[in-house]
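Accompanying notes for the structure given below.
The values are calculated or read from the model by the stated rules, or taken from the named source; none is laboratory data. Note that the structure is predicted; figures quoted are calculated from it, not measured. Positions of Cβ are generated from backbone atoms using ideal geometry, with glycine treated the same way; all protein chains shown enter the neighbour counts. Side chains included, ligands, DNA and RNA excluded: accessible areas come from the protein's heavy atoms. Shrake-Rupley method; radii C 1.70, N 1.55, O 1.52, S 1.80 Å.
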Amino acid sequence: MAAPKLTLYYDIVSPFAWIAFKILRDSRTFSKCDITYVPVLLGGILKATGNTPPIRIKNKDKWINQERIRWARFFSIPIAETSPEGFPPNTVTVQRALTAISQQSPNKLIPATEAVWRDFWVKGDGKATQPEVFVPIFEKILGSSQTKAIMEAANGPEIKTLLGANTQQALDSGAFGLPWFECTNSRGEKEGFWGIDHLGQVVEFLGLDRSLDPGFRAVL
């Protein structure tokens, strides 16, 4: 039978996408799953679906801050106790850069994504999504010449169009927020799932072994 497949659509701005990313990367439950990581624009998804950003909803803004810390603790994932200064930032530039990396140096997408996320959601650097911070991060991973090429591509029409297409792809699969999981099980059946609190359903649908990770005891 074919290995189960999962696509994670993500934006650096989302703390729950960071938690999802780390679980998919580190949990033995997903070790036999074929996973693809796709940068998108959360703002574009929210606008297209008429979804109000949680931070603008009374009481929910406080609740999501507590919720992200709870889920991070369940799965032993590092995360800042307070949101980065200036949250939420505009992430168009960094998402375009990550999209360019996915095309020019796809084997570097995961380490580059994690490095920026660590600065933003672990160290709490509110400027981590800005070029003056993330470009030096990329240079450590890609080298200066490759990073320069990435940034040139990120400012070009092809990458801008591709990021828009990635975002539309997430929307077409049913996304209205992040993290969004697009899943195909070993029988070829496809379904979409939203949010960390539905990760248990992702595991069940894909036929994975939740007993391999004690964090899943908190996930119904």
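Of the residues making up segment 95-108, those that are of a type outside the set (S, T, Y) and crowded, with 21+ Cβ neighbours inside 10 Å number 6. Figure legend. Inter-residue proximity from segment 139-157: first residues touching a residue at least 24 places away in the same chain (Cβ under 8 Å) and among the small types (G, A, S), second residues open to solvent by 30 Å² or more (accessible area, probe 1.4 Å) and in a helix (DSSP H, G or I), beta-carbon distance below 8 Å, spacing 6+ or different chains. Indicated pairs: A149/Q104; A153/Q103; A153/Q104; A154/T93; A154/R96.
Only one of the listed residues (E132, E204, E139) is touching a Ser or Thr at 6+ places or on another chain (Cβ under 8 Å), open to solvent by 60 Å² or more (accessible area, probe 1.4 Å), of a type in the set (D, E, K, R) and in a helix (DSSP H, G or I). That residue is E139.
Inside segment 89-129, residues that are part of a helix (DSSP H, G or I), polar (S, T, N, Q) and within 14 Å of the chain's Cα centre (by Cα) make up a count of 4.
Residue-by-condition table, conditions (1) open to solvent by 40 Å² or more (accessible area, probe 1.4 Å); (2) within 13 Å of the chain's Cα centre (by Cα); (3) among the aliphatic types (A, V, I, L, M); (4) more than 16 Å from A17 (Cβ to Cβ):
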site: P157; (1), (2), (3), (4): yes, no, no, yes
site: L162; (1), (2), (3), (4): yes, no, yes, yes
site: A165; (1), (2), (3), (4): yes, no, yes, yes
site: A170; (1), (2), (3), (4): no, yes, yes, no
site: S173; (1), (2), (3), (4): no, no, no, no
site: N185; (1), (2), (3), (4): no, no, no, yes
site: W194; (1), (2), (3), (4): yes, yes, no, no
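Checked against (1) of a type outside the set (D, E); (2) touching a residue at least 12 places away in the same chain (Cβ under 8 Å); (3) open to solvent by 10 Å² or more (accessible area, probe 1.4 Å), A72 meets all criteria but (3).
One residue stands out in segment 164-195 among those that are without any contact (Cβ under 8 Å) to a residue 24 or more places away in the chain and either assigned to a strand (DSSP E or B) or among the aromatic types (F, W, Y) (or both): the one that is nearest to M1 (Cα to Cα), namely K190.
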